[in-house]
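Inspection log for the structure reproduced underneath, given as structure tokens.
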Amino acid sequence: MVVIGMPFWWTLNVFSASAENFFLFSTLANNPQMFTAQAALETKVQEVLPIKEYGAVPLNLHGTSALTMFVNEKTQDSKVLFEKNANKELAIASLSKLMGALVVARHFDLQEEITISRAAVAEEENFGQLRVGDTFIARDLLYPMLMESSNDASAAFAFMVGMNNFLSLMNQEAEFLGLKNTFFVNHAGLDPDITGGAINYSTAQDLFVLTRYLKTFYPTVFEILGLKEQPLYATDGALHHVMENTNKLLDSNGWPTKVLGGKTGWTPEAQGALVLVLKSPKSKGYLVNVILGSDRRFQDMENLVSWVFHSYTF
């Protein structure tokens, strides 16, 4: 009896749904104002996306501060998707090089030749492979500075205009962007020589503003930050070495969208810091994710990004 009844109820449901659609379309056809209102409502719904899923589980992270922002590329509107102490001032280590890259892009001749000095190579905590006397085009020197987080490359830029002048430019750009909780005392984000000494600091919110500005007006920066490997050539055309990105999260990691790039940072005082930018689902824009003060920055970032994709409808 149940088997016989199922087709009847299925037929009744289909008829009911069809009837509802018929009357809906008939009403809309005879009332164009209602159709316009319906379309406007759908547009408004699209404007407020992404929407948090009902019952989304809370997210716990090890990092002191974290932020995920959605940016609509058409309107440049942004929306907070996750926030933890986003306005807390913290040491940012080599995330400082994002501002350094902005200074280089805005104030340097990118075709100028730069020779690596002994003073540049003497910089502490270097992760690159630059040597005294190496000469590069300024544009090419951005690659080790960003991909390898080379303090030598950053110092080479700073010494070109004078260290104090370079720092002044970094802080001027921060002021120009309205980064009220950001300040730079060195070019690369190094820890101070003495306990309690001055250190580069910012907030997750300010770093989002800086990242969005770079992404919008200097997209080459994040094109560089999105490369896993890249050969570096000296001005004489000789291969210097193949650079490898310090960012372990450039692959999708099972995420539904592409990673566009990111910047790593770590010092004993700052702990782990990471900015990661991904394309948003349905190509509506991109996601800026920031982790600060974490003893497991990559794991925190994986958890944050995965949580966003599972907790929001785009």
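A short reminder: the numbers here are calculations on the coordinates, not readings from a lab. Only a predicted model underlies this, so the values are computations on that prediction, with no experimental measurement involved. Ideal geometry is used to build each Cβ from the backbone, glycine not excepted, and the neighbour counts take in all protein chains shown.
At a 10 angstrom cut-off on C-beta neighbours, averaged per residue, how do the peptides 146-155, 293-302 rank from highest to lowest?
My ranking of the peptides, most packed first, is 146-155, 293-302.
Once you reduce the stretch 59-88 and the stretch 251-292 to the center of their Cα atoms, the two points are 11 Å from each other. Here the label points at A56 and V185, each 7 Å from Cα along the C-beta direction, are separated by 3.7 nm in the simple model. Our coupling estimate for the stretch 217-234, obtained by passing each phi through the Karplus curve with A = 6.51, B = -1.76, C = 1.60 and θ = phi - 60°, is 9, 9, x, 4, 4, 7, 5, 5, 5, x, 8, 7, 9, 7, x, 10, 10, 6 Hz, Gly and Pro reported as x. Any number yet on Rg/Rh for the stretch 250-314, C-alpha, Kirkwood? Taking Rh as the inverse mean 1/r over Cα pairs, Rg/Rh reads 0.99.
Under a Cβ-Cβ cut-off of 14 Å, what is the net charge of the residues other than Y218 that fall near it, where Lys and Arg count +1 and Asp and Glu count -1? Net of charged neighbours comes to +4. Amide H contacts for L260 (H built 1.01 Å from N in the peptide plane; partners 5 or more residues away or on another chain; cut-off under 5 Å): V277, L278, K279.
How would K84, K52 line up from fewest to most surrounding beta-carbon atoms within 10 angstrom?
K52, K84
The simple spin-label model puts a point 7 Å past each Cα toward its Cβ; for T75 and A198 those points are separated by 4.1 nm.
Shape class of the stretch 61-313 from the Cα gyration tensor (axes a ≥ b ≥ c, square roots of the eigenvalues): prolate, since a/c reaches 1.5 or more and a/b is larger than b/c.
Electrostatic bookkeeping for K279 treats Lys and Arg as +1 and Asp and Glu as -1; over the other residues with beta carbon under 13 Å from its beta carbon, the sum is +3.
For the stretch 61-313, give the magnitude of the charge dipole about the Cα centre (Cβ charges: +1 Lys/Arg, -1 Asp/Glu; no others), in debye to the nearest 20. So the magnitude is around 1080 debye. Our coupling estimate for the stretch 164-169, obtained by passing each phi through the Karplus curve with A = 6.51, B = -1.76, C = 1.60 and θ = phi - 60°, is 5, 5, 5, 5, 4, 5 Hz, Gly and Pro reported as x. Take the Cβ atoms of M163 and R106, set R0 to 25 Å, and the FRET efficiency comes out at 0.90.
Sum up the charges of everything whose Cβ sits under 11 Å from the Cβ of G197, counting Lys and Arg as +1 and Asp and Glu as -1, but leave G197 out.
-3
Approximating the spin labels as points 7 Å out from Cα along Cα→Cβ, the V48-to-Q230 distance works out to 4.1 nm.
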